[in-house]
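**Q** Quick one: this structure, given as structure tokens, is what I'll be asking you about.
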Amino acid sequence: MSTEYKPHPEDALSHVEEPATVYPVNPPTKSLDLLGWARSNLFGSIPNTILTLVALFLLVETLPPLINWAFISSVWSSATPDACRADGVGACWAVVQNKYRFILFGLYPYEEQWRPVVSTLLYIFAVAVSCNPRFWSRRLLVVWAVVVFGSGILMWGGILGLPYVENEKWGGLPLTLMLSVLGIALAFPLGILAALGRRSDLPVIRSVSVVYIELVRGVPLISVLFMASVMIPLFLPEGVTINKLLRAFIGIVLFTGAYIAEAVRGGLQALPRGQYEAADALGLGYWQKTRLIILPQAIRLVIPPLVNQFISMFKDTSLVFIVGLFDLLNTVKTALTDPLWRPYYVEAYVFTALIYFLFCYFMARYSQYLERHLNTGVRR
Amino acid sequence: MKRFLLAATAVATVSFAATSAFAGPTLDAVKKRGEVICGVHTGLAGFSAPDEKGNWKGIDVDVCRAVAAAVFGDDKKVKFVPLSAQQRLTALQSGEVDILSRNTTWTLTRDTANGLNFTTPNYYDGQGFLVTKKLGVKSAKELNGATVCVQTGTTTEQNLADYFRANNMKLNAVTIEKLEEVNAAYVAGRCDAYTSDASQLASIRANDVPNPDDHIILPEIISKEPLAPSVRHGDDQWFDIVKWTQYAMISGEEYGVTSANVDDVAKTATDPNVKRLLGVTPGMGAALGLDEKWGYNIIKQVGNYAETFEANVGPKTPLKLERGLNAQWNKGGLMYAPPVR
């Protein structure tokens, strides 16, 4: 129902000579009526109307062809690209059908690919459990230890009758997930330590933290990875190599840690001094104060930038292609070197984008949930 | 004292020359490790790319398999390390890989300053032009003012500019970073011509354009791209092994020895060249520091050069490349193996 503003009955009686009365303004109409909503939001003014018409025109122009391309005249299943070459054929999803094993698992031996599947599920399970505040206790550490250890055994093998698979052959989604989940798990504490260190009174700790944060933040991730992969081997004796995966992983953790440190420092500085003083007054030591009073409040304040950092890190793992690792994006790229399927690269990239979106969207929604959950009582 | 030193050096030199099977550090390290580590392209169809099941395939890959067959008698004993273009030289210099078999052009700088030793080309490539027939152009010299699609960040771009400048022609280059996108741009008609390595152009003509007969590759080849595997400076024996592994494959084709008939040929061969190649007449393996069956194992397990060419890049594959420069020397090509003796 749309309600129009009507002058108050008393106002109608007021004399004209009296000083202009300030009418109480009604709250903006909150109408559930579709027409009313459209009138106020879409056609409220002339520029608005023009914009609406332009947007409508664009939608009509693009949406039906897009739906037609993606769903109606698309080829869903075909063993060869011949079916996609016919005239008037839309998206060739058959490329995904033919390449999904390589896209998802990379170079991992074909017959053994159930192992990365199980391992990925283990990680997703552990993340899901950790996301639920009901399970927040020390037992979570046990869950994580079991998952990390178990998936390590699964992925490497070499015991329990599983053939050994060297980690150069890991790839695709499991690699991307492991790099991000373990990367976050290590970078987060590192970042907190660096943030605390930067605000420390001890000059040595403070300068080490500042140098680390500023040095790492001052260079792009791609150059950190590049240094790790190209420069380090030159300094080592011939034949001695550090595992490529480990090199990339360390690079990612160091890089993300520096950014997290700055986000956390923002939270630390936003806390009123009184909190620190109160903790001191209670006679808490430094670590007690930090663990019980400061961090719980500071981190809650910086959930949005932290999650932002995690999301961007999840996507940044795709830069490990520079070290020759086959993460999710690189496996698509490699799958597309097949000249037969190369012309259908858009479809393959759309498939991968959907996977990335799924994970990032989950993180975004979860952070919103977490903010609501943790902010009970202090909502402003 | 001086005379003594001189004598000692002479003795050392003689004894060094006598034991030609002196084991170099790389061969020792490879044998101890139990596998050859081979740097390959992260994905270049026909040269080195993983198939749907993650097995490496391609003519660059086959060189490494052949070396493993020569050293261990087992072409499976090789680990492939995919390398990006930036990584490849360091990976070899630092000892991360034993062989770099990654679609790398043999140039003077790389052969000297970069510390690489190129064995022998396994594919002779060169930059060319692909145009639509509608354009009515018969030679690259007629491309004055043409819009040319080219991938960025490669020497291809430089060669293109140089060629147009040298011939006093006006160039409109459309530079795009991703291969798929350059292909799409050409297919969509955004440029009159597409320049890249001829092998690449052939595969684009065969797979990416809607109708291959509407497009031709112009006869001019504007650059030399001898693609060759390489090893580190400083280990001549390993250099010899990789080089002669490739020559064994080329000789195999020259003498008509294939993976299918190698067993019969080894029994019935009368040609002394073939007998030495397959180890029926011993001596060659010892000279290389390898088993006498090295040549037999290469051809039995990997095949001769023609076989790997046909299986990976030949007319029956999606790349559909003709032999051209890569035919045997007596068939108009450049593949020429020195005598095995």
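The values are calculated or read from the model by the stated rules, or taken from the named source; none is laboratory data. This structure is a prediction, so every number in the text was calculated from the model and none was measured. Ideal geometry is used to build each Cβ from the backbone, glycine not excepted, and the neighbour counts take in all protein chains shown.
**Q** Residue by residue through segment B:148-179, note down the ones that are within 14 Å of chain A (Cβ to nearest Cβ) and either assigned to a helix (DSSP H, G or I) or touching a Ser or Thr at 6+ places or on another chain (Cβ under 6 Å) (or both). Spell out how you get there, then give the answer.
**A** Taking segment B:148-179 first, the residues within 14 Å of chain A (Cβ to nearest Cβ) are B:151, B:153, B:176-179.
If the condition is that a residue be within 14 Å of chain A (Cβ to nearest Cβ) and either assigned to a helix (DSSP H, G or I) or touching a Ser or Thr at 6+ places or on another chain (Cβ under 6 Å) (or both), then B:GLU177, B:LEU179 are the ones that fit.
**Q** Consider segment B:72-110. How many of its residues are closer than 30 Å to A:ILE222 by Cα and in a loop (DSSP other than H, G, I, E, B)?
**A** Looking only at segment B:72-110, we keep the residues that are closer than 30 Å to A:ILE222 by Cα, and these are B:78-110.
Cutting the leftovers down to in a loop (DSSP other than H, G, I, E, B) gives us B:84-87, B:94-98, B:101-104, B:106-107.
Summing the residues that are closer than 30 Å to A:ILE222 by Cα and in a loop (DSSP other than H, G, I, E, B) in segment B:72-110 gives 15.
**Q** Moving on. Restricting attention to segment A:196-242, report how many residues are part of a loop (DSSP other than H, G, I, E, B) and either exposed (fewer than 12 other Cβ atoms within 10 Å of the Cβ) or away from every other protein chain (no Cβ under 11 Å) (or both).
**A** Total meeting the criteria: 9.
**Q** What is the one condition in (1) within 14 Å of chain A (Cβ to nearest Cβ); (2) assigned to a loop (DSSP other than H, G, I, E, B); (3) of a type in the set (A, V, I, L, M, F, W, C) that B:ALA113 does not satisfy?
**A** Condition not satisfied by B:ALA113: (1).
**Q** Tell me whether segment B:199-209 contains one or more residues that are polar (S, T, N, Q), more than 14 Å from chain A (Cβ to nearest Cβ), surrounded by 24 or more Cβ atoms within 10 Å (Cβ to Cβ) and outside any strand (DSSP E or B). Reasoning before the result, please.
**A** Here is the first cut: in segment B:199-209, the residues polar (S, T, N, Q) are B:199-200, B:203, B:207.
Filter once more, so that each one left must be more than 14 Å from chain A (Cβ to nearest Cβ): none.
Scanning segment B:199-209, I find no residue that is polar (S, T, N, Q), more than 14 Å from chain A (Cβ to nearest Cβ), surrounded by 24 or more Cβ atoms within 10 Å (Cβ to Cβ) and outside any strand (DSSP E or B), so the answer is no.
**Q** Collect the residues in segment B:49-101 that are touching a His at 6+ places or on another chain (Cβ under 8 Å) and either farther than 24 Å from A:VAL320 by Cβ or facing chain A (nearest Cβ under 7 Å) (or both), keeping them in residue-number order.
**A** Scanning segment B:49-101 gives B:ALA49, B:PRO82, B:LEU83.
**Q** Inside segment B:122-147, can you point out the residues that are β-branched (Val, Ile, Thr) and assigned to a strand (DSSP E or B)?
**A** The initial filter retains those residues of segment B:122-147 that are β-branched (Val, Ile, Thr), namely B:131-132, B:137, B:147.
Once the filter is applied, which keeps residues that are β-branched (Val, Ile, Thr) and assigned to a strand (DSSP E or B), segment B:122-147 yields B:VAL131, B:THR132, B:THR147.
Residue-wise test of (1) surrounded by 20 or more Cβ atoms within 10 Å (Cβ to Cβ); (2) closer than 16 Å to A:ILE222 by Cα; (3) assigned by TED's automatic domain parsing to the domain that holds A:ALA185; (4) under 22 Å from the mean Cα position of the chain (by Cα).
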site: A:MET313; (1), (2), (3), (4): yes, yes, yes, yes
site: A:VAL320; (1), (2), (3), (4): yes, yes, yes, yes
site: A:LEU328; (1), (2), (3), (4): yes, no, yes, yes
site: A:VAL332; (1), (2), (3), (4): yes, no, yes, yes
site: A:ASP338; (1), (2), (3), (4): yes, no, yes, no
site: A:TYR345; (1), (2), (3), (4): yes, no, yes, no
site: A:ALA348; (1), (2), (3), (4): yes, no, yes, yes
site: A:ALA353; (1), (2), (3), (4): no, no, yes, yes
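**Q** Taking the condition modelled with pLDDT of 85 or more and over 25 Å from B:TYR124 (Cα atoms), does B:VAL71 pass? Before the answer, list the steps.
**A** Numbers: modelled with pLDDT of 85 or more: yes; over 25 Å from B:TYR124 (Cα atoms): yes.
Here the answer is yes, as B:VAL71 does meet what is asked.
**Q** Mind listing whichever residues of segment B:127-162 are farther than 26 Å from B:GLN86 by Cβ, surrounded by fewer than 18 Cβ atoms within 10 Å (Cβ to Cβ) and either without any contact (Cβ under 8 Å) to a residue 60 or more places away in the chain or out of contact with any Asp or Glu (no Cβ under 8 Å at 6 or more places or on another chain) (or both)?
**A** The answer is B:LEU135, B:GLY136, B:LYS138, B:GLU142, B:ASN144, B:GLY145, B:THR147.
**Q** Also, quick follow-up: Are any residues in segment A:336-361 touching a helix residue (DSSP H, G or I) at 6+ places or on another chain (Cβ under 9 Å), among the hydrophobic types (A, V, I, L, M, F, W, C) and part of a helix (DSSP H, G or I), and if so, which ones? Give the derivation first.
**A** Restricting attention to segment A:336-361, the residues satisfying the condition of being touching a helix residue (DSSP H, G or I) at 6+ places or on another chain (Cβ under 9 Å) are A:336-352, A:355-356, A:359-360.
Within this subset, residues satisfying the condition of being among the hydrophobic types (A, V, I, L, M, F, W, C) are A:336, A:340-341, A:346, A:348, A:350-351, A:355, A:359-360.
Once the filter is applied, which keeps residues that are touching a helix residue (DSSP H, G or I) at 6+ places or on another chain (Cβ under 9 Å), among the hydrophobic types (A, V, I, L, M, F, W, C) and part of a helix (DSSP H, G or I), segment A:336-361 yields A:VAL346, A:ALA348, A:VAL350, A:PHE351, A:ILE355, A:PHE359, A:CYS360.
**Q** Being assigned to a helix (DSSP H, G or I), of a type in the set (A, V, I, L, M) and either in contact (Cβ under 8 Å) with a residue 60 or more places away in the chain or within 7 Å of chain B (Cβ to nearest Cβ) (or both) is the filter here, so list the residues in segment A:307-328 that pass it.
**A** Of all residues in segment A:307-328, those assigned to a helix (DSSP H, G or I) come to A:307-323, A:328.
Keeping just the survivors that are of a type in the set (A, V, I, L, M) gives A:307, A:311, A:313, A:319-320, A:322-323, A:328.
A:VAL307, A:MET313, A:LEU319, A:VAL320, A:ILE322, A:VAL323, A:LEU328 - these are the residues of segment A:307-328 that are assigned to a helix (DSSP H, G or I), of a type in the set (A, V, I, L, M) and either in contact (Cβ under 8 Å) with a residue 60 or more places away in the chain or within 7 Å of chain B (Cβ to nearest Cβ) (or both).
**Q** Among the residues of segment A:82-100 satisfying the criterion of being farther than 17 Å from A:TYR349 by Cβ and in a helix (DSSP H, G or I), which is farthest from the other protein chains (Cβ to nearest Cβ)?
**A** Filtering segment A:82-100 for residues farther than 17 Å from A:TYR349 by Cβ gives A:82-83, A:85-89.
Restricting the remaining residues to those that are in a helix (DSSP H, G or I) gives A:82-83, A:85.
Details: A:ASP82: 12, A:ALA83: 15, A:ARG85: 7 Å.
Filtering segment A:82-100 for residues that are farther than 17 Å from A:TYR349 by Cβ and in a helix (DSSP H, G or I), the one farthest from the other protein chains (Cβ to nearest Cβ) comes out as A:ALA83.
**Q** Considering segment A:113-123 alone, what residues qualify as being buried (at least 17 other Cβ atoms within 10 Å of the Cβ), in a helix (DSSP H, G or I) and not aliphatic (A, V, I, L, M)? Step through it out loud before you land on a result.
**A** Taking segment A:113-123 as the starting set, the residues that turn out to be buried (at least 17 other Cβ atoms within 10 Å of the Cβ) are A:113, A:115-116, A:119-120, A:122-123.
Okay, now just the ones that are also in a helix (DSSP H, G or I), so A:115-116, A:119-120, A:122-123.
A:ARG115, A:PRO116, A:SER119, A:THR120, A:TYR123, listed by residue number.
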